[in-house]
Structure formats: structure tokens, C-alpha cells
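The structure appears right after this line, and notes come after that.
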């Protein structure tokens, strides 16, 4: 999975420690003969150092946050801050899918700067193929159709699920931006698409055997919907570095869409 990182990552050289300004570059030419030599071949000190002007670089970085979000805009305040140290490598598809459900916090921090289109598109498409069987009316209609009519119908539902999840996830990203977030579109949309589909798998699996109207299926549907809201809030909060109330508000339209498109027919 190809990835991209934010401007803040440039402060970490290969050794894993922040590089102060002016270091990491070759020293300047030696001073001319007769002049007083200075360390590292640099220019002579001036009076600004005596006045403390050399601390201006560090004063430009706000306490508890980065100087900007990688695009020249101020970093949001009040949101969670990334873990210390250089960003980790992206996860492969298997730990990504399991991590979203079982280790969401670390997974969201790790993948917030990496795109994951292939897992998101494939999982959403496969979910769309099976989701129609979890709806009682759709399942009865499908069972009465021929195989030649069934295949195009399933393909259509799979593509429709991908497009619907992508649109809703994009809306979530843009709302988070409007609320002061600094996240990237591709990672936010990919993670939101995976959250939208993965959290409904338990309800869908039970609905295939018991039917969508079964009370146990309905109860599980509400529980997984609430868990999806928790994951959406956690993901947006970490991807965009905004406080959880704003992250929840940014995810509101997608949560309503998840309820109407997938669960409303059964709940």
C-alpha cells in the first residue's frame, strides 16, 4: 500500500530523533586566513545569541502540538496528539482489518497517513454482495430469480455499496476539515469505509440464518451501530487531531446513512 506522510515527519532523520535546525548539513567553508576560526566552519556569533534570539525556533512550536499540519495551516488545538517518535510503517491488509475491530486506537494512529484503497474497496464490494441476503424482502426476491438474473443484481448491489460508502466517507472527511481537522482524505475515507462495513458483519452473519426481523438480530444491529459510532469518533479524532465531540459531529451523517442504507430495513 503506497503511503504518504505529513510535513511533521521530516523532523525525524533515520536515527529516529528530531533534528534541530541547521544540523544534518555539511559545514560551511573554512574562514579566510587571518580571521578567527569558529566551530563547524559556520559564521561568527552575533549579539542576537546573547539576547536569546536563538530560541525563536523553539518558541514557534506551540506547547503540546506541532507548528502546522503539513499544509501551512495552524494545527488544531484540543485534540489528541500523535505518539512520540517517527511514524510507524503501514499495516498490511490482515492486521489492518483485525486491528480496526480489536485494536482500533493503535491502528488509527498508524494508518492515519497511509491510503488503503484496495482493502476498503474489496471489503465494501464483498459486503455489498452479501448484504442483500440479510434483508428479508430482498432475500425472498433473490431466491425467486434465476441465476442469470441474480449475478447482475448482486454485482450492482456490490458496486452501489462501494459508491455509497465512498460518498459518505468523503462527507465525513470534509466535515472534519470544517471543524478544524488536519487529516488527509484518502486515509480518512478508507478507514471510514472499512469501519462502516466491518462493524455490521456480526449482524449480517446472524441475519443470514435467523432473518433480519429476528429480535436477536435487531439487538445486535443496534449494538454494532453504536460500536461503529465509537470507532468513527475515535478514527476521526486521531486522523484529524480534533476533540471527540467534533469528531462525533463529523461522523454523524455517515452514521445516519449507515442506519438508513443497511440497518433500517431490519431494525
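The values are calculated or read from the model by the stated rules, or taken from the named source; none is laboratory data. It should be emphasised that the depicted structure is a prediction, and the values quoted were computed from it without experimental measurement. Note that we place each Cβ from the backbone using ideal geometry, even for glycine, and neighbour counts take in every protein chain shown.
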**Request:** Scan region 99-129 for residues that are part of a helix (DSSP H, G or I), touching a helix residue (DSSP H, G or I) at 6+ places or on another chain (Cβ under 9 Å) and closer than 16 Å to residue 231 by Cα and jot them down.
**Result:** 99, 100, 101, 104, 105, 106, 107, 108, 109, 110, 111, 120
**Message:** What's the total number of residues in region 222-233 that are touching a residue at least 24 places away in the same chain (Cβ under 8 Å) and either more than 16 Å from residue 257 (Cα to Cα) or touching a helix residue (DSSP H, G or I) at 6+ places or on another chain (Cβ under 7 Å) (or both)?
**Reply:** 6
**Message:** I'd like to know if region 88-98 contains one or more residues that are surrounded by fewer than 12 Cβ atoms within 10 Å (Cβ to Cβ), in a loop (DSSP other than H, G, I, E, B) and modelled with pLDDT of 50 or more.
**Reply:** yes
**Asked** In this structure, is residue 132 touching a residue at least 40 places away in the same chain (Cβ under 8 Å), at negative phi and in a helix (DSSP H, G or I)?
**Response** no
**Request:** Answer yes or no: is there a residue in region 243-251 that is crowded, with 16+ Cβ neighbours inside 10 Å and within 25 Å of residue 207 (Cβ to Cβ).
**Result:** yes
**Fill in**
So, first residue without any contact (Cβ under 8 Å) to a residue 12 or more places away in the chain in region 236-264, second residue surrounded by fewer than 22 Cβ atoms within 10 Å (Cβ to Cβ) and assigned to a helix (DSSP H, G or I), Cβ within less than 6 Å, six or more apart or across chains; the pairs are 244/233
**Message:** Based on this model, can you work out whether residue 159 counts as under 27 Å from residue 138 (Cβ atoms), touching a residue at least 40 places away in the same chain (Cβ under 8 Å) and either surrounded by fewer than 22 Cβ atoms within 10 Å (Cβ to Cβ) or in contact with a strand residue (DSSP E or B) (Cβ under 6 Å, 6 or more places away or on another chain) (or both)?
**Reply:** no
**Prompt:** Can you tell me which residues in region 181-221 are out of contact with any helix residue (DSSP H, G or I) (no Cβ under 7 Å at 6 or more places or on another chain) and surrounded by 19 or more Cβ atoms within 10 Å (Cβ to Cβ)?
**Reply:** 184
